Each structure stands twice: as structure tokens, then as C-alpha cells.
1. Anyone know which of Thr53, Thr36, Thr24 comes out most mobile in the 10 Å Cα GNM of the chain?
2. Mind giving me the FRET efficiency for Leu107 and Glu51? R0 is 35 Å, r the Cβ-Cβ distance, nearest 0.05 is fine.
3. Counting other Cβ atoms within 10 Å of each Cβ, which trypsin sites (Lys or Arg not before Pro) in the stretch 7-39 have at most 15 and sit in a DSSP loop?
4. Using 0.36 nm per residue, how much length does the chain from Ala90 to Leu4 gain when fully extended, once their Cα-Cα distance is taken away?
5. Tell me which cysteines of the chain come out unpaired when the rule is another cysteine's Cβ under 4.7 Å.
6. Of the chain, which part is the longest with no GluC sites (Glu not before Pro) in a loop (DSSP not H, G, I, E, B) and with at most 16 other C-beta atoms within 10 angstrom?
7. What residue among Gly89, Gly79, Gly48 shows peak mean-square fluctuation when the chain is described by a Gaussian network model with Cα springs under 10 Å?
8. Given only helices, namely DSSP H runs of n ≥ 4 each adding -39500 (n - 2.57), what is the per-residue ellipticity at 222 nm of the chain, to the nearest 500 deg cm²/dmol?
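Just so it is clear, none of the values below were taken in a lab; they were calculated from the coordinates. Everything numeric here is computed off the predicted structure, so don't read it as measured data. All Cβ positions, glycine included, derive from the backbone under ideal geometry; neighbour counts span all protein chains shown.
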Amino acid sequence: MDCLFCRIIRGEIPSKKVHEDAETFAFEDINPQAPTHVLIIPKKHMVGLREATAQDADIIGKCHLVAAEIARKRDIENGYRTVLNVGPGAGQSVFHLHLHLLGGRSLAWPPG
Ligand code: 5GP
Ligand code: ZN
């Protein structure tokens with residue numbers, strides 16, 4: 001599939017891999033917004049949360065658990081954030097569902 005993140009999963013575009021299992025792939029964001037900024041994605045192509053169905057519940061949940069595991073390993077559990085930007089109005093720029101994991105600094109609320 002001609003999708004940026006599908007190509008990253010296949011290794012056609014290099015990335016700094018953080019985690020991989022049968023269903024998920026995680027890598028460093030190319031333009032980090034915090035000391036930890038990792039993207040966790042399903043290996044199966046999905047456009048985004050807006051398009052997700054009940055069949056996608058397990059994989060979306062799994063992405064969050066992978067984020068929690070990375071946060072534990074990086075010792076940022078004092079405060080981190082998982083973010084799914086949904087749609088162009090929220091800043092979604094890549095249309096392969098991806099969960100941002102941000103941490104390693106204090107995070108303001110509400111986000112911009
Ligand atoms: P969005 O804005 O869609 O929620 O997030 C897309 C994210 O993908 C952005 O944070 C952006 O920096 C990251 N990104 C875009 N292209 C690449 C790339 O080629 N490699 C990596 N590692 N990250 C990318
Ligand atoms: Zn894709």
C-alpha cells in the first residue's frame with residue numbers, strides 16, 4: 001500500500017524503531033515535540049479513529065498498552081500523554097492511524 005506509515009513498517013523508509021510485535025509497530029517521531037515522542041501504529045492499515053469500527057477495538061487498545069509499556073521502560077510514568085489526532089482540523093496529517101506518546105517534560109492542559 002502506498003502509505004507513508006505502511007512503507008515505514010515494511011522498512012522501505014527508514015525509521016528509529018522502538019517496538020515491534022505481530023500487530024503493532026512503534027518508532028520515533030521525526031519531529032519530536034517532547035523528549036519522548038513515539039508513534040505507535042497498527043501494522044494493518046487503518047485510516048484513523050473516525051473510520052474505525054468495532055472490529056478495530058482490540059488493536060486500538062493494544063496500541064495504548066504498547067504506549068504504556070514504552071513509558072514504563074523510559075521511566076516517564078510521572079506524566080505522559082497519548083494522543084490520537086482525528087481529522088485535519090485536529091492536525092491529522094498522516095492517514096494511517098497512529099497514537100502519539102509524549103513525555104519527558106511537563107505537559108500543559110488543555111492542549112492547543
Ligand atoms: P499527525 O499530525 O498526523 O497526528 O502526526 C503525524 C506525525 O508523523 C507527525 O508528528 C510527524 O512529525 C510524523 N511524521 C511524518 N512523517 C514522518 C516520517 O517520515 N518519519 C517519522 N518517523 N515520522 C514522521
Ligand atoms: Zn498505511
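1. Taking springs between Cα atoms under 10 Å, the residue moving most is Thr53.
2. So, using R0 = 35 Å, E works out to roughly 0.80.
3. Values: sites: Arg7, Arg10, Lys16, Lys17; in loops: Arg10, Lys16.
Taking the stretch 7-39 and a limit of 15 other Cβ atoms within 10 Å, the loop trypsin sites (Lys or Arg not before Pro) found are Arg10, Lys16.
4. On the way: separation 86, 0.36 × 86 = 30.96 nm, distance 1.92 nm.
Computed gain between Ala90 and Leu4 is 29.0 nm.
5. For the chain, the answer is Cys63, because their Cβ atoms have no other cysteine Cβ under 4.7 Å.
6. 24-76
7. It is Gly89.
8. Values: 2 runs with 23 residues, N = 112.
Dividing the helical sum by the residues of the chain leaves -6500 deg cm²/dmol.
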